[in-house]
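The values are calculated or read from the model by the stated rules, or taken from the named source; none is laboratory data. Just so you know, these numbers come straight off a predicted model, no measurement behind them. Counting neighbours? That spans all protein chains shown, and the Cβs are built from the backbone with ideal geometry, glycine included.
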Amino acid sequence: MRAFRLVAWQKPAELREVPVPEPGPGEVLIRIGGAGACHSDLHIMEEPGPEDGTGLPLTLGHENAGWVEATGPGASGVAVGDPVIVYGPWGCGVCANCRQGQDNYCLETNGVGGGLAEYDGGMADCLLVPSTRFLIPLGDLAPRDAAPLSDAGLTSYHAVKRSLHLLGPGSTAVVIGAGGLGQMAIQILRALSAATTVIAVDTAADKLETAKRMGADEALTSDGETVERIRDMTRGQGAELVLDMVGVDPTLRMAAQVARVLGDLTLVGLGGGALPVNFLSPPHECSVTAPYWGSLTELMEVVTLARQNKIELLVEHFPLDRAAEAYRLLHDGRIKGRAVITPQT
Ligand code: NAD
Ligand code: ZN
Ligand code: ZN
């Protein structure tokens, strides 16, 4: 089968021919309908990586959906042909965190998953998944459209849900970076807390237009006046929740300046920036957290939201032989929402 693989660090990934994996005991083979191109893949490709090339080759794609193609001995609960979305962080299933569905914080595996390290990902004709536990039925959603729910959707959902107690009437949430994840976060904020004023911030005008269409009340260009404007909009208090979906020094600085006393500053972006902490900044008792992905049950909730048409993904499809082009466009900021690789076309 074909697989879009990282074969050398700091080099673009390439399409290669690899054997179709054979599902072993408990494992499942998924025929991929869609594999989303996440900005994290660009971070992975840009990393220097170990000099001896450990960890390579690696098939990319950690945002996957498709159909059950084959089941290994003892794999139960799914049937060949079922449309499913794949929960990405693959935990041991038995540690205390996994038993709560939080495989993203597995105490044994740290929530590593296919396409990130150790296991090949879904930018290929087929993906081997270690357990049926990681498969959530998609119902009437098409895999090629639903795939980004498993990361752009789930990560944003978790980041919003953990702060819902702050988002009552009159509250404000700021979303910095309205790309794949940010667009999901805006809609999830709308769906879960209709009473919150949502402010989107981005450097790209087209992303701000999309943000408005997705339900942002305000869409601000990231510039020297953004902080003052957000502080004005919040009567000088700042926002209850600030989601930084970029995570570079300037966005983190902005986040600390527009967050509120007793608020949440949630760093989701892997831009590599750092946040200085002193007695006055971030504001008093503002909690700073950096969540990784979300839980299995939260993915079920995200799929439900999508099936209820409460969240809509702006998906652009690319056949497998155009995966490299999709990443180039993502790198250049020219993907409108999410690029999804569709090996079936
Ligand atoms: P994306 O490329 O689709 O979107 C990024 C958006 O940020 C774009 O709209 C871009 O215009 C905007 N942007 C860039 N610089 C900016 C700045 N200085 N100020 C304001 N906006 C700016 O990326 P994505 O796939 O949505 O991923 C976003 C980030 O989240 C990435 O760093 C990715 O690695 C990370 N991520 C983290 C997790 C997690 O579990 N924590 C999961 C998935 C992705
Ligand atoms: Zn991702
Ligand atoms: Zn575990």
Original post:
Can you tell me which residue in region 104-130 is surrounded by the fewest Cβ atoms within 10 Å (Cβ to Cβ), limited to those that are within 16 Å of ligand 2 (Cβ to nearest atom) and closer than 22 Å to GLN344 by Cα?
Top reply: TYR119
**OP:** Kindly check whether there is at least one residue in region 85-103 that is more than 16 Å from ligand 3 (Cβ to nearest atom), under 26 Å from ALA323 (Cα atoms) and surrounded by 18 or more Cβ atoms within 10 Å (Cβ to Cβ).
**Re:** yes
**OP:** Mind listing whichever residues of region 225-258 are within 16 Å of ligand 2 (Cβ to nearest atom) and under 14 Å from ILE199 (Cα atoms)?
**Re:** LEU243, ASP244, MET245
Subject >> Index of the failed condition, MET45 passing every other in (1) modelled with pLDDT under 95; (2) in contact with a Cys (Cβ under 7 Å, 6 or more places away or on another chain) >> reply: (2)
Original post:
Residue check, LEU15 against (1) in a strand (DSSP E or B); (2) within 16 Å of ligand 1 (Cβ to nearest atom), all met but one. Which one?
Top reply: (2)
Subject >> Every residue from region 195-217 that is more than 17 Å from ILE311 (Cα to Cα), in a strand (DSSP E or B) and of a type in the set (A, V, I, L, M, F, W, C) >> reply: ILE199, VAL201
Subject >> Pairs, first more than 21 Å from PRO148 (Cβ to Cβ) in region 72-96, second of a type in the set (Gly, Ala, Ser) and within 16 Å of ligand 2 (Cβ to nearest atom), C-beta under 8 Å, six or more apart >> reply: GLY91/GLY111
Original post:
Mind checking which residues of region 24-61 are of a type in the set (Ser, Thr, Tyr) and within 16 Å of ligand 1 (Cβ to nearest atom)?
Top reply: SER40
Original post:
So which pairs qualify, if the first residue must be in region 300-316 and of a type in the set (Gly, Ala, Ser), the second must be at pLDDT 95 or above and outside any loop (DSSP other than H, G, I, E, B), the Cβ gap must be under 6 Å, and the two must be at least 6 apart or on different chains?
Top reply: ALA306/LEU149
Subject >> Restricting region 249-265 to residues that are near ligand 1 (Cβ under 9 Å from one of its atoms) and buried (at least 18 other Cβ atoms within 10 Å of the Cβ), the residue that is farthest from GLU225 (Cα to Cα) >> reply: THR251
Subject >> Which listed residue, of GLY77, GLY72, GLY53, GLY88, is small (Gly, Ala, Ser), at pLDDT 95 or above and out of contact with any helix residue (DSSP H, G or I) (no Cβ under 6 Å at 6 or more places or on another chain) >> reply: GLY72
**OP:** Give GLY81, GLY61 a once-over and let me know the one that is on the phi > 0 side of the Ramachandran plot, touching a Leu at 6+ places or on another chain (Cβ under 8 Å) and outside any strand (DSSP E or B).
**Re:** GLY61
Subject >> Count of region 141-177 residues which are acidic (Asp, Glu) and in a helix (DSSP H, G or I) >> reply: 1
Original post:
Say we look at region 97-115 and pick out the residues that are assigned to a helix (DSSP H, G or I) and without any contact (Cβ under 8 Å) to a residue 24 or more places away in the chain; which of these is nearest to ligand 1 (Cβ to nearest atom)?
Top reply: ASN97
